[in-house]
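Rule-based calculations on the coordinates, nothing more; no lab input. For clarity, every value in this text was computed on a predicted model and none was experimentally measured. Because the Cβ atoms are built from the backbone with ideal geometry, glycine has one as well, and the counts that use them run over all protein chains shown.
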């Protein structure tokens, strides 16, 4: 059987931890499996490389930034290979390029467009454990090295599991699974034994940090099950798979995100094409928009609101201030003192009244709702940042998430 | 014109120095040249990566150690590319593999067997400055990444200069050229304006640290001139080229080396084949032997002495102790408290009496000679380590090296 395991930066943060990972990996090999391990850079390596780049250039060229950052996994994977050798098992480390992770040309956030794992198969056939650098690939056109963006190692692991036909992609991290809410905020938060790809996608998109959105998307599209586990314990973790409506709990969890700001374009003339102009301009500038809310117009004008990463705020504001007079809007407000709280559950599409119950819980807790956005399996609200912990607890309690029997 | 410049670890030790290198490189580009830059890892990066590997494994597998160490140049070259971009010139960094540095399979001390600079030519044609990672290449057979051993970046630069047909390979370092002796020991040491490949080879082999032996060998075999310059000044430096007997000074300099020990095999039976057995065993164990001295035998036995790097001493001693009884020798002595002083000059082959004058100078200075070895352009002696500075000054003075008019 082929086993794909992924270890994040905190799991390989120092040589002692790398030795522990080597033991776990070696166990899987000794149990008779073909083992492929995906590693991130050690601890804060990527951040410190990024800081060095910033000393030289505010906006470094993407190609060179990717060349720089990929040094991080190179170090962790070589050290892990050495630690495995020390345990008497042979290992071969491969860069993203060597492992056949083929991407498009978008440096810094490249997408995997193909996986050609010839060298992996070769090394496995020779009896080695194969270690692959996460987060990186190679451009099909120019053969330049690319990175997949923050958390990209999860995507590498899932893509390899899909290409190699592994039954499950094991993602080892510093938490032991996916919870009904952030356990640091909600004491009674419960680990989910199982959650569907769709729900996990919404949870990740709404601020649950445990898996990167794109890795879940890739897993859904390629029918790969993900087992989220702790690299520091033997807990069962959470299985993310295709899901089965019969078994789904109504609500799987409450996610929150404080990394976004709220941008409001005030008093936009209510004419066709205005929203298109605004969001085309933002998309062209590579600003990642999350929620978009536009209400019915009074007096021929309307406010258009959206949420976006705080870091993109100044750029988006500048861009829209120019556009604002052209389209006849009154002005732009960017507010970073907000938070988003989301309730996610595949079961909610067949249960009316979930949204109402959530709003009532927030109201009872004295939390004011500033924006609302829903999908078939998610309800998100934007509130004041200071209310976020209070709000998460109130919603978690209202839906009895702590007491539910695990699915 | 194609210009190849190489910058060592101390020249790119921090971001400020990288910016200064970027300025120098950009000047050469703005002057209308095609510029290829070879860089080492920043400062002590290679040492600290090595130390990490040692935390995990005493003898790490060579393939993985090379994977690890090559992260060092990856970082420096990407940062240099960014610094060049900041100056308004485009640059492309290439790994050894991408640059077409093809090597044999000897991980940790691979030899360049071919250079296929297709991507370099392509990037130059597009108007970029090309930055190549020094010290690294790729195995022709397995496509695994290799390193060329300590100081290998010099060899990378020379190999590229040869493959690209550059007139000269500029090596920037923290000294401003090759001197008649180490200026830290001999206050009156003089910078050589020009020195031949042959002399430079002997100087490098005898302890002059400014260029790596293999890079000079490569330059001689491929007829590449090397300009050694300081990256911190605008001094002319030293030109190392084919040489021209007519212009050669009798003596070019005095080199010394305290990194070797003296190994003596005592009272070896004077029979055919004994020396062959000894040095075949050492060669098979990859011990680098420098001088070998065997004197005429008395009483049917002889002492065989050789010098080798101090680090290889314990291994060589163990090996020879086993062999010692087999060949009927009395025992092995390894002495690390020695130094080698060498006098080098292409002119000495046509000037008799140079050796005698050197020995007289040492004798006058009260320095005892323990071993002697000569080539056509070099005389080396092994002395007590404590005498080394005294001996270097005495020989430098005796041949009037400080007062000579530069060649």
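Table for the structure above
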| quantity | calculated |
| --- | --- |
| Segment B:2-174: Rg to Rh, with Rh as the Kirkwood radius over Cα pairs | 0.96 |
| Acute angle (nearest 10 degrees) that the helix B:313-327 long axis makes with the longest principal axis of chain B, alpha-carbon atoms | 40 degrees |
| Rounded to whole Å, sorted largest first: equivalent-ellipsoid semi-axes of the protein assembly as shown, Cα gyration tensor | 64, 32, 20 |
| Rg to Rh, two decimals, where segment B:332-407 supplies the alpha carbon set and Rh follows Kirkwood | 0.99 |
| Cut-off 17 Å (backbone N to label point 7 Å along Cα→Cβ of residue A:16), residues of segment A:51-73 | none |
| Estimated inter-spin distance, residue B:143 and residue B:184, nm [label 7 Å along Cα→Cβ] | 4.4 nm |
| Alpha-carbon gyration tensor eigenvalues x 5, square-rooted, for segment A:105-189, Å | 29, 19, 10 |
| Listed residues B:206, B:306, B:169, most fluctuating in chain B (Gaussian network, C-alpha, under 10 Å) | B:306 |
| Rg [Å, one decimal], Dmax [Å, integer] - segment A:85-244, C-alpha atoms | 16.4, 51 |
| Test item: A:44-53 mean partner chain Cβ contacts at 10 Å | 2 |
| Acute angle (nearest 10 degrees) that the helix A:15-30 long axis makes with the longest principal axis of chain A, alpha-carbon atoms | 70 degrees |
| Spatial separation of Cα centroids for segment B:271-342 and segment A:137-161, in angstrom | 53 Å |
| Three semi-axes of the equivalent ellipsoid, segment A:200-287, Cα gyration tensor, whole Å, largest first | 36, 16, 14 |
| Mean projected area (nm²) of the alpha-carbon convex hull when segment A:264-385 is viewed from all directions | 8.6 nm² |
| Listed peptides B:44-55, B:145-156 by packing density, highest first (mean Cβ within 10 Å) | B:145-156, B:44-55 |
| Rh by Kirkwood over Cα pairs, then Stokes-Einstein D for chain A at 1.306 mPa s and 10 °C, µm²/s | 70 µm²/s |
| Shortest-first distances to equivalent copies, position residue B:330, nm, label 7 Å out along Cβ | 10.6 |
| Shortest-first nm distances, residue A:266 label point to equivalent points in other copies (7 Å, Cα→Cβ) | 9.7 |
| For segment A:4-47 and segment B:70-93, distance of Cα centres in Å | 30 Å |
| Computed log₁₀ I(q)/I(0) - Debye formula, equal Cα scatterers, no solvent, segment B:149-195, q 0.20, 0.21, 0.23, 0.29 Å⁻¹ | -0.80, -0.84, -0.90, -1.04 |
| Bins of 10 Å, starting at 0 and running to the largest distance - Cα pair percent for segment A:11-82 | 19, 41, 24, 13, 4 |
